[in-house]
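Quick notes on the structure that follows.
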Amino acid sequence: MKEQRKTRKKIRVGRSDHASGNSHVHEDSHAWAVSYADFLMVLLSFFIIFFSVDGNQRVDVIDRIAMSATAGKGGQNALGKNKTNLQGPRLPAGIAEVATGVDGFFVERVDHSQKLYIYFDDNIYNPGEIDLPAAQVIKLRGILTRLEPYIKDVNITFVGHTDSTKVQRVKNKYLDNNFDLSSIRATKALQQAVKSGFDPAKMFAKGVAEHSKGTRTLSLVITPGEEER
């Protein structure tokens, strides 16, 4: 028994290199993960701020973020521009009066979004009809004539509308539902502007079916030339 006690040895548990900090892996091999996590946190914060404010304040939020992200010495951004340079183009003065003297329109100016809405009367199309009636073509040309002095500075989006009645099955395979119908109405009106000499690059067509006005009509949205719809 005594001999067994004498031969018993203490067992030492050695620490691995990883545990002792003596690893041969470079210390900053995972540093990229920290930077990436910071980036995701900034991006998440942006979306939280952006969607927590209403539409009237979002332009200011974008301006503040742009100024913060590019700020250098003296409070200017990296390009040497101040906040007023970041606000983008505005609608030309006097454009709100383009529908003056042409009956059958409702004009709405939304200053904070820098858009001008021009609405035709309700139900100017017969059910299922895609071509703008002759009387409405004359009115559209009157509007286009008044827009002509501003065309270099604005974009025009033609918006087609329908009522809630589902489109009937027709022989035309491209006309299957109200979105098709409203889109074609918008495109046909845009073609009238092209015939009047307007640059197609400054114009856009959009169909919203019954989800905006709920009537068989047409509207125009005027925005600053460099602004996307």
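Here are a few things to note about the model shown:
- Any hit, segment 140-149, residues being under 17 Å from Met203 (Cβ atoms), part of a helix (DSSP H, G or I) and in contact with a His (Cβ under 8 Å, 6 or more places away or on another chain): no
- Every pair of residues 6+ apart whose Cβ atoms lie under 8 Å, when the first sits in segment 127-144 and is more than 18 Å from Ile184 (Cβ to Cβ) while the second is of a type in the set (A, V, I, L, M): Lys139/Val102; Gly142/Val102; Ile143/Val98; Ile143/Ala99; Ile143/Val102; Ile143/Ile118; Ile143/Leu220; Leu144/Ala193
- Only one of Ala201, Ala189 that is touching a Leu at 6+ places or on another chain (Cβ under 6 Å) and either among the aliphatic types (A, V, I, L, M) or part of a strand (DSSP E or B) (or both): Ala189
- Within segment 129-140, considering residues that are of a type outside the set (Val, Ile, Thr) and in contact with a Lys or Arg (Cβ under 9 Å, 6 or more places away or on another chain), the one surrounded by the most Cβ atoms within 10 Å (Cβ to Cβ): Leu132
- The numbered conditions (1) under 27 Å from Gly94 (Cβ atoms); (2) touching a Ser or Thr at 6+ places or on another chain (Cβ under 7 Å); (3) of a type in the set (A, V, I, L, M) are all true for Val194 except (2).
- Selected residue (only one of Phe198, Phe158, Phe204 is in contact (Cβ under 8 Å) with a residue 60 or more places away in the chain and either crowded, with 17+ Cβ neighbours inside 10 Å or acidic (Asp, Glu) (or both)): Phe158
- Qualifying residue in segment 152-174 (condition: over 27 Å from Pro92 (Cβ atoms) and in a helix (DSSP H, G or I)): no
- Matching residues, segment 214-229, being in a loop (DSSP other than H, G, I, E, B), modelled with pLDDT under 95 and surrounded by 14 or more Cβ atoms within 10 Å (Cβ to Cβ): Gly225, Glu227
The values are calculated or read from the model by the stated rules, or taken from the named source; none is laboratory data. All of these numbers come straight from a predicted model, not from anything done at the bench. FYI the Cβ positions are ideal-geometry reconstructions off the backbone, even for glycines, and counts take in every protein chain you see.
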